[in-house]
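Worksheet for the structure shown next.
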Ligand SMILES: NC(=O)c1ccc[n+]([C@@H]2O[C@H](COP(=O)([O-])OP(=O)(O)OC[C@H]3O[C@@H](n4cnc5c(N)ncnc54)[C@H](OP(=O)(O)O)[C@@H]3O)[C@@H](O)[C@H]2O)c1
């Protein structure tokens, strides 16, 4: 590609004139350095992308910035023989859409170390239905299983279940044969969640009681929690003996108050999941598994909307208000 060829991008800018977020035309010369030039075909809408599109989201670490922590496309050129022009690739996390131009542009230039070859069995579009959200859900589920939680241990709860991480966790757990309970603040999404494999719906308010008890009735063997806040404290208090919770997000806030009781009386485990800097070897295994034995069921139905990049500002505002059900995939021109 000619370095002067112009292509569309969504750009966040912050300078003396203030914060701006909108359409721009850029060229390959505007892209950061890297080994691999990728023609981006699809990206996705994540909560973190919503934060990168607003002035005080505390996600963008440099400006101007093309947000988009997920991208999938074809290699245009590579300075390293391990990738050839035409190879289909995925990149998620690292500094993408944070301090390195991300997926909301028709082209991206990346370090080779950030790129995963598209595993057999997934299309580029399906890979973006999974994206960072799926990688995070898969990492949490694998860790739960390492902590000894299996299909026989009892039901596993997924909070924020209609969100990106949540719906992928429900679909993957159900596919692995777990009994999955889904907590949501969207009662109208019950059919969607049951279709993905949830066997029970837990209203969000049930996990955000006015006064939390340090220990409550033992209910779940494990949980994937993208919500945080009081929800996480409540889930901990209702874990079964030997249960484990993956803390993966904070849509209800970062702070929570708990006691030592779930840990010292119920042998509970609380662990964190961070997927942006997941080592490449682990990442490749997770992608292969998500194309294989951990493939989310109903993958195409998880894409509740496919939008053009021009519709991104609206979709990003919606996700910041917790208004998205399922995954929004973005088609780049
Ligand atoms: N650790 C990592 O590596 C990693 C990776 C990806 C994402 N994350 C984090 O995980 C979280 C979810 O990300 P996402 O992209 O899946 O976002 P998302 O698609 O917006 O999903 C979040 C869901 O949380 C629920 N929710 C929203 N506001 C809430 C509130 N006040 N109280 C309780 N529930 C609420 C909603 O689901 P319901 O309506 O169904 O309740 C919402 O759809 C974010 O905090 C994100 O930063 C972390």
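The values are calculated or read from the model by the stated rules, or taken from the named source; none is laboratory data. Because the structure is a prediction, the values reported are computed rather than measured. When we count neighbours, we look across all protein chains shown, and the Cβ atoms used for this are built from the backbone with ideal geometry, even at glycine.
Things worth noting here:
- Per the listing 244, 223, the residue uniquely within 14 Å of the ligand (Cβ to nearest atom), outside any loop (DSSP other than H, G, I, E, B) and either in contact with a helix residue (DSSP H, G or I) (Cβ under 6 Å, 6 or more places away or on another chain) or on the phi > 0 side of the Ramachandran plot (or both) is 223.
- Strands (runs of 3 or more DSSP E) wholly inside segment 1-81 containing at least 2 residues that are within 16 Å of the ligand (Cβ to nearest atom): 36-44, 70-78
- Residue 235 vs. criteria farther than 17 Å from residue 326 by Cβ, in contact (Cβ under 8 Å) with a residue 24 or more places away in the chain, surrounded by 21 or more Cβ atoms within 10 Å (Cβ to Cβ) and near the ligand (Cβ under 10 Å from one of its atoms): no
- When segment 153-168 is filtered for residues that are touching a strand residue (DSSP E or B) at 6+ places or on another chain (Cβ under 6 Å), under 13 Å from residue 141 (Cβ atoms) and near the ligand (Cβ under 8 Å from one of its atoms), only 166 remains.
- Selected residue (criterion: farthest from the ligand (Cβ to nearest atom)) from residues of segment 169-199 that are surrounded by fewer than 21 Cβ atoms within 10 Å (Cβ to Cβ) and under 17 Å from residue 145 (Cβ atoms): 177
- Per-region count, segment 258-287, residues more than 16 Å from the ligand (Cβ to nearest atom) and farther than 19 Å from residue 90 by Cβ: 12
- Of the residues making up segment 205-213, none is closer than 15 Å to residue 142 by Cα, buried (at least 18 other Cβ atoms within 10 Å of the Cβ) and in contact with a helix residue (DSSP H, G or I) (Cβ under 6 Å, 6 or more places away or on another chain).
- Candidates 263, 256, 271, filtered to the one that is free of Cβ contacts under 8 Å to residues at least 12 places away in the same chain and either more than 17 Å from the chain's Cα centre (by Cα) or closer than 21 Å to residue 160 by Cα (or both): 263
- Residue that is nearest to residue 46 (Cα to Cα) [pool: residues in segment 132-146 that are surrounded by 20 or more Cβ atoms within 10 Å (Cβ to Cβ) and more than 8 Å from the ligand (Cβ to nearest atom)]: 134
- Residue satisfying all of: in segment 82-102; outside any loop (DSSP other than H, G, I, E, B) and in contact (Cβ under 8 Å) with a residue 40 or more places away in the chain; farthest from residue 11 (Cα to Cα) among these: 89
- No other residue among 332, 299, 278 is touching a helix residue (DSSP H, G or I) at 6+ places or on another chain (Cβ under 8 Å), touching a residue at least 60 places away in the same chain (Cβ under 8 Å) and under 27 Å from residue 195 (Cα atoms) apart from 299.
- Filter result for residue 81 (more than 22 Å from the chain's Cα centre (by Cα) and more than 25 Å from residue 4 (Cβ to Cβ)): yes
- Annotation note: Cβ proximity below 8 Å between a residue of segment 156-179 that is free of Cβ contacts under 8 Å to residues at least 12 places away in the same chain and assigned by TED's automatic domain parsing to the domain that holds residue 206 and a residue that is near the ligand (Cβ under 8 Å from one of its atoms) and in a loop (DSSP other than H, G, I, E, B) (sequence gap 6+ or interchain) occurs for no pair.
- Residue match in segment 297-305 (condition: buried (at least 16 other Cβ atoms within 10 Å of the Cβ), at pLDDT 95 or above, within 11 Å of the ligand (Cβ to nearest atom) and on the phi > 0 side of the Ramachandran plot): no
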